Amino acid sequence: MRKPVVTIFYQFDPWYSTIGGIQTLIKTFIQYAPQEFKLRLVGINGGSHLAIGKWHEAELYGKALLFMPLFSRPNDNIRHVVPTTLKYTLGLVGRNLSSDFMHFHRIEPTLVTRHWSGEKMLFVHNDMRQQIQASGSAKAMLWNQVPQIYFALERSLIEQFSQIFVCHSESVQLYRNRYPRIAPRISYIKNTVDSDRFYPLYAQQEQHRLLLSRQLNLPDHTRFILFAGRLHPQKDPLLLVQSFAALNEPGVHLLIAGDGELQQVLQQQVRTLGLTPHVSFLGAVQQPQLVKLYQVASVFVLTSLYEGLPLAVLEALASGIPVVTTNCGETPNFLTSDSGVVCLERQPQAIAAALRQVLQFPERYPVSACLQAMRPYEAKMLMHELYDEMLDRWQSRLAAISKSIF
């Protein structure tokens, strides 16, 4: 019996991956794929010499993978004149990449997939209404300027999906209310974290923290605040730096692991605020190094305008590190009082106060509490459940076809 084919559509190259939780989620989906499935990924060429528009046999995490890049775009952490999503959508025109299951992580490419056969599944990573209307995010995305066009586009495309997964629990009901005719197809899905990769150091944390301090030529007693993500208006890294300036805590150093269009603006603000000796810009950090940064940090901070369920939060908690976050996305719904702080005000002083609280009273935020908050989002369990459900549906369809023939 042939294997069911899963084709994943997203604008990235898993071997030259850009910064983002969607990329991490897709790679986790590939990593935990059971052998009963055949995997394909339609992405972009981030740095290899693969032929464009052709299937290439590859391997990722020991899993066989057919990969088709639609075009080349190195360093997609920084936005281009022609948006990557638009170019990706145009790259699908004239093709028919139908398969048993098709996973889409943006709705725009499905402009050209209406007549493709197979089960289409849409993963919604942010609440688009919140994202488009977010205060201060005028430059965050093109749809901020024409929200009516986005919602009209969404309405025209949404009914082609067999299932719509939303990773923000409150947004599930919003989508059901917006599209009552297909409400049964809309459900909540948890983002996942791989606890085999992200885990606490426990007794060795102090040794590794000391090592990083010396590598950065900082005093031995230095404690670290970590931010990891794209330097993009969504993440509001300017508020992050302003909050760190308001903290003004001796012996505390801010690590910024990320790349993006706001990097130069951010670096200039750091200089203006006199923070240069206290902030390190680490650029785009590969996952093995990022794991080490989580493990030595005292606190992880996120100052986003909008989110779905940010994977960086789950990665920090899996590493035993408490989280300070703005009041957005799914995080406030599962972050406990002993695993972090949700700041209800988007003000530097409020975020600084939360950071100071975690730094001064680390015993209130034990590793065990962080791990407990993360546990419902374990990748192994959740990915196996999703694949099992897909396999059951596929086998049921085969049985129905066989019954109709005989």
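Semi-axes of the equivalent ellipsoid for the chain, computed as √(5λ) from the eigenvalues of its C-alpha gyration tensor and ordered from largest down, come to 38, 23, 21 Å.
The stretch between Ser98 and Gln160, if pulled fully straight at 0.36 nm per residue, gains 21.0 nm over its current Cα-Cα span.
In plain terms, the chain is cut at each of the trypsin sites (Lys or Arg not before Pro) found in a DSSP loop with at most 12 other Cβ atoms within 10 Å, and the longest leftover piece is 115-406. Measuring from a point 7 Å past the Cα of Glu261 along Cα-to-C-beta, which residues in segment 222-245 have an amide N at less than 19 Å? Within reach of a label on Glu261, which here means backbone N under 19 Å from a point 7 Å along Cα→Cβ, segment 222-245 contributes 229-240. Which one of Ser156, Ser396, Ser298 has the biggest mean-square fluctuation once the chain is modelled by GNM with Cα springs under 10 Å? Looking only at Ser156, Ser396, Ser298, the largest GNM fluctuation is found for Ser396. When the helices of the chain are scored as -39500 (n - 2.57) per DSSP H run of n ≥ 4 and the total is divided over every residue, the value at 222 nm lands at -11000 deg cm²/dmol.
Charged side chains reduced to their Cβ positions (Lys and Arg at +1, Asp and Glu at -1) give segment 202-377 a dipole of some 220 debye around its Cα centre. For the chain, the Cβ-based charge dipole about the Cα centre amounts to some 940 debye (Lys, Arg positive; Asp, Glu negative; other atoms uncharged). Geometric descriptor of segment 202-377, per residue, is 105 Å³ (volume of the convex hull of the Cα atoms).
No value in this document is a laboratory result; all are computed from the given coordinates. All values derive from a computational prediction rather than experimental measurement. Here the Cβ is made from the backbone with ideal geometry for all residues, glycine too, and neighbour counts use every protein chain on show.
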